[in-house]
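Structure first, then comments.
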Amino acid sequence: MGLSKLNQLYRAVILDAAAHPHHKGSIQSPTNEMTLHNPTCGDTVNLQVKVENGKISDIGFTGDGCTISQASASMMTDAVNGKTKAEALKMAKIFSDEAIGKKHDQDDLKLLGDAQVLTNIMQFPARIKCATLSWWALSRALEKDQSAGGVNDD
Ligand code: ZN
């Protein structure tokens with residue numbers, strides 16, 4: 001899978017997150033949901049978010065996928081839990097930009113917490129979608145006005 005080329009530290013952090021993912025499982029009464037697939041690798045992320053008073057008060061994911069996608073979903077949910085919707089969307093934008101080689105400054109990267117180690121995945125073009133899948137699910141879940149019920153994704 002090419003992971004052996006990753007820096008040892010990144011590798012350990014990623015393998016640990018995938019082995020013991022945080023926020024894995026469904027949550028009670030989510031307000032926003034999004035399921036995304038990465039057909040090139042076979043990853044699925046079904047993300048559930050509960051937004052209360054503009055803040056993410058609970059978040060969880062289900063679905064199966066490779067080590068990178070599971071680790072990324074775990075790190076993403078850790079990073080955005082408790083953040084405002086605007087902060088979470090900003091973080092998703094930073095992550096997506098970094099993954100395609102658009103650089104942000106250190107302060108922006110710090111916002112991502114552990115998830116910033118996964119921005120190094122851009123060295124492995126085949127795995128970029130695995131890392132960005134859960135962040136895209138987050139943006140789409142938050143941007144979609146789910147109360148309107150008229151938005152048709154996919
Ligand atoms: Zn994958």
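Where a number appears in this text, it was derived from the coordinates with a stated rule and is not lab data. Please read all numbers here as calculations on a predicted model, not as lab measurements. Cβ placement follows ideal geometry from the backbone for every residue including glycine, while neighbour counts extend to all protein chains displayed.
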| task | Would you work out if segment 29-142 is rounded, prolate or oblate? Take a ≥ b ≥ c from the square roots of the eigenvalues of the alpha-carbon gyration tensor; rounded if a/c is under 1.5, else prolate when a/b is larger than b/c, oblate otherwise. | result | oblate
| said: Take A126 and D16, extend 7 Å from each Cα along the Cα→Cβ direction, and tell me the distance between the two endpoints in nm. | reply: 2.8
| task | May I ask you to order 50-58, 78-86, 64-72 by the average number of other C-beta atoms within 10 Å around their residues, highest value first? | result | 64-72, 78-86, 50-58
| task | Sum -39500 (n - 2.57) across every DSSP H segment of at least 4 residues in the chain, then divide by the residue count to get the 222 nm mean residue ellipticity, nearest 500. | result | -13000 deg cm²/dmol
| task | May I ask which of K55/K103; K103/K144; K55/K102; K90/K144; K24/K50 have a Cα-Cα span longer than 22 Å here? | result | K55/K103; K103/K144; K55/K102
| Potential extension, L9-K144 segment - 0.36 nm per residue separation minus Cα distance | 45.0 nm
| query | When the Karplus curve 6.51 cos²θ - 1.76 cosθ + 1.60 is applied with θ = phi - 60°, which whole-Hz ³J(HN,Hα) does each residue of segment 97-111 get, with x for Gly and Pro? | reply | 4, 4, 5, 9, x, 8, 7, 10, 7, 4, 4, 5, 5, 4, 4
| task | Work out the length of the dipole vector of the chain about its Cα centre, built from +1 on the beta-carbon of each Lys and Arg and -1 on the beta-carbon of each Asp and Glu, and round it to the nearest 20 debye. | result | 280
